[in-house]
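Okay, so here's the structure we're looking at.
Every number here is computed from the coordinates shown, using simple stated rules; none is lab data. These numbers were taken from a predicted model, which means no experiment stands behind them. All Cβ positions, even for glycine, are placed from backbone atoms using ideal geometry, and neighbour counts span all protein chains on display.
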Amino acid sequence: MPKMMRGWAAMLTGGLRRAGIAVIVGLIVFAITAAAMLLRSDEYDARVSLLASSASKIQNSSTDFGSVVALGLPAVVEVATSPTVLEQVSRTVAGSPGPDELRDAVTVGLIPGSGLVRITVRADSPKVASSLATAIADEVAAADLLDPAATLRVLDVSATVTEASPGISLVAGLGLVLGVIAGAIVLGLLAVFVPAPGSRAGRALAQAGLDRRVAVITWERGAPIPAPLLAAALGAGRPIRLVAADAESGADSSELADGLRESGVPVTEQLAADDTGTATVALAPARMSADDLALVLRALPADTDLLAVILR
């Protein structure tokens, strides 16, 4: 059972290990994003609408009224966010922030062609937000910006208050998107800067001019013989010769040879000038670069039948 477990652990390399790292990074980004958004204090938006209407004391044409409204309404934005109005409102409304902070919390929207103005104020309390929006709307209406052709009157008896803090679904969605993006970036960087052992072995085979169909198999010392290697060795119908790419691999080749013999695969360690009667398996460390592995593979006799490259 321990050997089987080590075999499964050996399989969690290359692409699977990279995917695992990317998933972990994505989960961390998701958790940080969700925590940052959920720990923010609650915020509320209060909105009050004003409507421009023709002044009854002035008998102007509709064209004059429309021109006055079109030219005068943009001034509402300046008045609603002017230091004088904001200072007056911040002194009047209990719990109001200072004029500078309040300016960033005020939004004025103009509805083209309708004479409608919407003043929205954001605060950390629904009561404060409602009082601020109503007070600013009253100040704008009292300024008589459209006088004498028109007047701005407050439409809403009380402000419409909505919660501005992100909901759970929005937090989860944003965290998921950022987590996926972060995971994809990490996966891409790993693929570029830390190539998988299998891809390095594939490049080494190409540089050595060998068949790209040579099996590239991952194996760990103490783990069972990989099933793909065992199947290829039995299917070859010839003795297997193990070639170590370095000293450490040479120490592991004995264990691999014993495992193959126990599975009924004949293994020879003799170096013969004529290798036509054997199939060769190269054993190399997974960290070996493609160039170094290619040098080892080029050193094999020209008639070598390379069955697989084992990365340990």
- Message: Under 5 Å between amide hydrogens, which residues at least 5 positions from V267 or on another chain qualify, with H placed 1.01 Å from N in the peptide plane?
- Response: I240
- Here, I168 and A227, labelled 7 Å along Cα→Cβ, have an inter-label distance in nm of 4.2
- In whole Hz, the Karplus estimates of ³J(HN,Hα) for the range 69-79 (6.51, -1.76, 1.60; θ = phi - 60°; x where Gly or Pro) are 5, 4, 7, x, 4, x, 5, 4, 4, 5, 5
- Which cross-chain or sequence-distant (5 or more) residues have an amide H under 5 Å from the amide H of L73, H modelled 1.01 Å from N in plane? none
- Note down the nm distance, to one decimal, between modelled labels 7 Å out along Cα→Cβ at E248 and at R103. 6.4
- Task: Calculate the spin-label point distance for A302 paired with L39, positioning each point 7 Å from the Cα along the beta-carbon direction, and give it in nanometres.
- Result: 6.9
- Item | Full-extension gain in nm, V177 to T160, via 0.36 nm per residue minus C-alpha separation | 2.9 nm
- Sites A215 and A31, calculated FRET efficiency, Cβ-Cβ separation with R0 51 Å, nearest 0.05: 0.80
- When you count, for each residue, the other Cβ atoms within 10 Å and take the mean per peptide, how do 214-220, 21-27 rank with the highest first? 214-220, 21-27
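In nm, what is the difference between 0.36 nm times the number of residues separating L189 and A75 and their Cα-Cα distance?
Numbers: separation 114, 0.36 × 114 = 41.04 nm, distance 5.20 nm.
Contour length minus the Cα-Cα distance gives 35.8 nm.
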- Rounded to the nearest 0.05, FRET efficiency between E262 and I24 (Cβ-Cβ, R0 30 Å) equals 0.20
- Amide hydrogen neighbours beyond the local backbone of L155, cut-off 5 Å, H modeled: S49, L50, L51
- Projecting the Cα atoms of V77, V106, A137 onto the charge dipole of the range 44-163, where Lys and Arg contribute +1 and Asp and Glu -1 at Cβ, the residue farthest towards the positive end is A137
